[in-house]
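This report refers to the structure that appears directly beneath it.
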Amino acid sequence: EMVSSPARAFGTLYRRFQAAANDAYAARGWKDATLAHVQFLTEINEAGTRLTDVAAALGTTKQYAGKVAKDLESKGLITLGSDPDDGRVVLARPTTRARSFFEDACEVRAELEAEFLAGLSPSRALTFVTMLEELVAARRR
């Protein structure tokens, strides 16, 4: 496959990582769990997190965050409830099941990162990771 630009290369790697992660979650028994679910769970805490804050952290819309939240709730991975200080605000909280899934997802991430970087020598892998970190830092919003 020809990669003609860094943007295409980033997109290709991300799609491959996402597909491999979703397959790995299913292989561990987390049917229909996705990388998007993991990203959502990364942004919430036990005290409850506003969906608007999740959307902002993920760089997405409140509507999309609400859609993912409803999906996670239907899977028993989060609970949704009203903020006791402002009944109009919806808070998302992880369940025990979410913590178990998140632990598996972290293991999957580590395995896939190692697999994706295995094609590089250790020094080139370190350089690649360092360069990615620098690019992310340089492009912070």
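Just add up the charged neighbours of Leu112: K/R +1, D/E -1, any other residue whose Cβ is under 12 Å from the Cβ of Leu112.
Numbers: positive: Arg16, Arg109; negative: Asp23, Glu107, Glu111, Glu113, Glu115.
Here the count lands on -3.
Just to be sure I understand, if you calculate P(r) over Cα pairs in 10 Å bins from 0, in percent for this structure, which of [x] 15, 46, 31, 7, 1; [y] 11, 38, 30, 15, 5, 0; [z] 10, 33, 33, 18, 4, 0 do you get?
Among [x] 15, 46, 31, 7, 1; [y] 11, 38, 30, 15, 5, 0; [z] 10, 33, 33, 18, 4, 0, the one calculated here is [z].
At 7 Å along the Cα-to-beta-carbon direction for both Ala125 and Arg139, put a label point, then send me their distance in nm to one decimal.
2.4
Rounded, prolate or oblate for the stretch 95-141? Axes are the square roots of the Cα gyration tensor eigenvalues, ordered a ≥ b ≥ c, and the cut-off for rounded is a/c under 1.5.
Working: a/c = 5.01, a/b = 1.50, b/c = 3.35.
Oblate, since a/c reaches 1.5 and b/c is not below a/b.
What are the DSSP H helices in the chain that stretch 15 Å or more along their long axis, judged by alpha-carbon atoms, and whose average Kyte-Doolittle hydropathy comes to at least 0.0?
Values: long enough: 6-27 (31 Å, -0.25); 62-74 (18 Å, -1.01); 96-117 (32 Å, -0.28); 122-138 (24 Å, 0.86).
Qualifying helices, which must be both long enough and hydrophobic enough, are 122-138.
What do you get for Rg/Rh of the stretch 2-68 when both radii come from the Cα atoms and Rh is the Kirkwood radius? Intermediate values should be presented prior to the final figure.
Numbers: Rg = 14.5 Å, Rh = 13.6 Å.
Here Rg/Rh amounts to 1.07.
What is the chain's relative contact order, in percent, from Cα pairs under 8 angstrom and six or more apart in sequence? Kindly include the intermediate steps, with their values, before the conclusion.
Numbers: 116 pairs, mean separation 28.7, N = 141.
Across the chain, relative contact order equals 20 percent.
Can you give the FRET efficiency to the nearest 0.05 for Ala114 and Asn45, using r as the Cβ-Cβ distance and R₀ = 25 Å?
Computed FRET efficiency for Ala114 and Asn45: 0.35.
Values quoted throughout were computed directly from the atomic coordinates according to the rules given, and no laboratory measurement underlies them. Since we're looking at a predicted model, the values are computed, not measured. Cβ coordinates were reconstructed from backbone atoms using ideal geometry, including for glycine residues, and neighbour counts include every protein chain displayed.
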